[in-house]
Amino acid sequence: MAFETKKINPLDLQPRKAVGVALPFSGKAVFNSTYETKEAIKANLINYILTGKGERYHNPTFGSGIRNLLFENINRDNLSDLEFLVRDAIERYFPKLEILNIDLQGAPDSNLVSFTLNFRLIDTQIEDEITINFEQ
């Protein structure tokens, strides 16, 4: 009888050692720490998606640039451009993630775009999702 062993990231083996910083920055000591790689990658994804190109000093190519497309009229073409931007960026900057699903819902009357990304960590097979709502 075969069984599948659970893979654990080596960074997660030290329970009191922080591996990242959580969003938002509203903790008691300004930063809330993350103690698992899953939480750290999720915070890094949100940070990347919300950062515009050219916004980071000395790293002008970092950031998704999604907000630039959100000031256009919301239609199916814009939503497909957004999906392409996100897929390309995740493949380039997050090689240990596998995209399971990207769901972009636009509400043109209220200038709202809802973005949901389902992903899997390739090494550990842990699945998670993030949801971000953009309003103009």
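The values are calculated or read from the model by the stated rules, or taken from the named source; none is laboratory data. Note that this is a predicted model, so its numbers are computed, not measured. Positions of Cβ are generated from backbone atoms using ideal geometry, with glycine treated the same way; all protein chains shown enter the neighbour counts.
In table form, for the structure just shown:
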item: Residues satisfying the stated conditions in segment 37-52, i.e. without any contact (Cβ under 8 Å) to a residue 40 or more places away in the chain and crowded, with 17+ Cβ neighbours inside 10 Å; result: 39, 40, 43, 51
item: Output for segment 36-55, where each listed residue is over 15 Å from the mean Cα position of the chain (by Cα) and either part of a helix (DSSP H, G or I) or among the acidic types (Asp, Glu) (or both); result: 36, 55
item: Among (1) assigned to a strand (DSSP E or B); (2) in contact with a strand residue (DSSP E or B) (Cβ under 6 Å, 6 or more places away or on another chain) - the single one residue 33 does not satisfy; result: (2)
item: Considering residues of segment 69-100 that are surrounded by fewer than 15 Cβ atoms within 10 Å (Cβ to Cβ) and under 11 Å from residue 117 (Cβ atoms) only, the residue modelled with the highest pLDDT; result: 100
item: Qualifying residue in segment 115-128 (condition: part of a strand (DSSP E or B), without any contact (Cβ under 8 Å) to a residue 40 or more places away in the chain, polar (S, T, N, Q) and touching a Leu at 6+ places or on another chain (Cβ under 7 Å)); result: yes
